[in-house]
Amino acid sequence: MEVNRIKVVLAEKNKTNRWLAAQLQKDESIVSKWCNNVLQPNLVTLMAIADSLEVDVRELIVKSKFFCNNFRKFNIQHISAI
């Protein structure tokens, strides 16, 4: 199951896994696992990835069909309670 779009955004920005690993001071094998959705970065790391790629962090996450399709059913009270 794909959770992130890191690999896609890297390609759009003409950047490599190696470049991202250097920017974040992470091992290339970890970045490769993120790019292949084997592992997921934590939220702080995801934000650092977004900063490095100069994109909104939301561009790095696959949109949830459930949330998008059911957003209107939720109200602010439900969201703020999460």
> Looking at the stretch 23-41, which of its residues are assigned to a helix (DSSP H, G or I), surrounded by fewer than 16 Cβ atoms within 10 Å (Cβ to Cβ) and touching a helix residue (DSSP H, G or I) at 6+ places or on another chain (Cβ under 9 Å)?
Replying inline: Q23, E28, S29
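Determine, yes or no, whether R72 is at pLDDT 95 or above and not in a loop (DSSP other than H, G, I, E, B). Break it down into steps so the answer makes sense when it comes.
Working: at pLDDT 95 or above: no; not in a loop (DSSP other than H, G, I, E, B): yes.
No, not satisfied.
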> Looking at the stretch 31-69, which of the residues that are more than 9 Å from the chain's Cα centre (by Cα) and over 24 Å from R18 (Cβ atoms) is modelled with the highest pLDDT?
Replying inline: K63
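The values are calculated or read from the model by the stated rules, or taken from the named source; none is laboratory data. Predicted model, so just to flag it, every value in this text is computed and none were measured. Using ideal geometry, Cβ is built from the backbone for each residue, glycine included, and neighbour counts are taken over all protein chains shown.
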